[in-house]
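Report on the structure given below.
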Amino acid sequence: MYLCIQIRVEEMKKVAITVPEGIDEVLLHACCAPCSSAIVEWLMANGVRPTIYYYNPNIWPREEYEIRKEESKRHAESLGIRWIDDDYNHEVWKQGVCGLENEPERGRRCEQCFTLRLIATARKAAELGVKYFATTLASSRWKSLEQIERAGHAAEQAVNAKCTIGSVPLCTFWAQNWRKGGLQERRNQLLKEYGFYNQQYCGCEFSARNGALTKPLLRQQMREAKRQHQEKLAQMSEEIVEKLRKILSSHPLNTIMAYWPLPDEVDIRPLIHWLVGQGKTVVLPKVTGDETMELRRYTSQDDLAEGAFHILEPVGEPFTDYDDIDVVLVPGMAFDAAGHRLGRGKGYYDRFLSSHFSPLTTHPSPLIIGICFPFQRVAEVPTEDYDVCMNEVYS
């Protein structure tokens, strides 16, 4: 016998959500705060006490995992419910989906991923003595409900197989379509109310590489990530600058092309001042048109004035001795392991670097270094033919 709960949603038909009779607790595997928010609210309103189980070793890179984890924890703490974080081991997860890397979304890799994560959930439920477990994966319209249900039942069977004949099952998978009953709409409302970080891809590098991310979506994701890390940006900048100082001091450099940072970029101003103090020539970019920028020498903040986009830029005579430039420090919204860079969309750096330091030019190529916060390193940056690769990326 099941209890039927009718949820009213404006301009939507009533939809029944069934709750197993007698259930008052569930271990809820949560992939992120946005997906779990409406589900948790509904469970609590209907007498079911959820414990959040955060186990998502599929998420890459680690910085992305940490952002999502902290959001999930913050949400649970705001409601006063129990929240459990399990170990993050991306390499073990990759071994579990080995051979399925090129599968499309909703392919065999996804089902194997669901199964691995739900087996861990079922084991945790059995360990805690919680009879039922469920997953917020079933709230996403991008996932296959059939795959999730098969994975959940496979997890249930894997754990209950350890029971002796005739014994009570250790755990039961609650196969529920959490898209019903207006929960999808409520999720979107809570997303805004809580100001949740809202990722744009499932989390694994293979999802990103299969075209889940576009440049606009990745920029949106990085803006959200910066907002989440706002209080830590200054400390991160100090650590990155110290790393760069050690690296640059180990090379015989004379001229460095740097950048004067925006508030949400790695603050390399202490590095610039140190380089000038070391007698190095430092040049900074200045926007000169809708598609162009040029370099000008920097010796102190007296050399700066507000320029395009209200950014401080150098004044004085242009610097054109490109052959003398040893290193170029380039900010960006995101970078991947191959050195691909996502800029702000104007294309200034790509045009400048390809014009002056392309293999087709007569100028010797400097070392081009991408500079970013750790969470700005992603699985893959969508690229175009005209995009310029970094030689190295430091974060």
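The values are calculated or read from the model by the stated rules, or taken from the named source; none is laboratory data. Values in this document were obtained by computation on a predicted structure and should not be read as measured data. FYI the Cβ positions are ideal-geometry reconstructions off the backbone, even for glycines, and counts take in every protein chain you see. With ligands, DNA and RNA removed, areas are computed over all heavy atoms of the protein, side chains included. Shrake-Rupley method; radii C 1.70, N 1.55, O 1.52, S 1.80 Å.
Across segment 276-395, Cα-Cα distances exceeding 21 Å account for 42% of all pairs.
Expressed as a fraction of 2.2 N^0.38 Å, the C-alpha radius of gyration for segment 200-294 is 1.39. Against the chain, whose longest principal axis is taken from its Cα atoms, helix 33-45 shows a tilt of about 30°.
Using only Cα atoms and rounding to the nearest 10 degrees, what angle (0 to 90) does helix 215-228 make with the longest principal axis of the chain? That helix lies at roughly 80 degrees to the long axis.
Put simply, the C-alpha atoms of the chain give a gyration tensor, and the ellipsoid matching it has half-axes of 50, 21, 18 Å, longest first.
Protein heavy-atom accessible surface, 1.4 Å probe, per residue over the chain: 49 Å². Phi angles across segment 177-191 convert, under the Karplus curve 6.51 cos²θ - 1.76 cosθ + 1.60 with θ = phi - 60°, into 3J(HN,Hα) values of 7, 7, 8, 7, x, x, 5, 5, 5, 5, 4, 5, 5, 5, 4 Hz, Gly and Pro given as x. Accessible surface of segment 249-395, 1.4 Å probe: 47 percent of it comes from carbon and sulfur atoms.
Sorting 225-235, 22-32 by their mean Cβ neighbour count within 10 Å, with the most densely packed peptide first, gives 22-32, 225-235. Going by accessible surface with a 1.4 Å probe and the largest first, Thr121, Thr115 read Thr115, Thr121.
Classify segment 68-173 as rounded, prolate or oblate, taking a ≥ b ≥ c as the square roots of the eigenvalues of its Cα gyration tensor: rounded when a/c is under 1.5, otherwise prolate if a/b is larger than b/c and oblate if not. List each step's numbers first, then the result.
On the way: a/c = 1.65, a/b = 1.08, b/c = 1.54.
Oblate, because a/c is 1.5 or more while a/b does not exceed b/c.
Principal-axis analysis of the Cα atoms of the chain puts helix 348-357 at an angle of about 50° to the longest axis. Counting 0.36 nm for each residue step from Asp87 to Asn188 and taking away their Cα separation leaves a gain of 33.5 nm.
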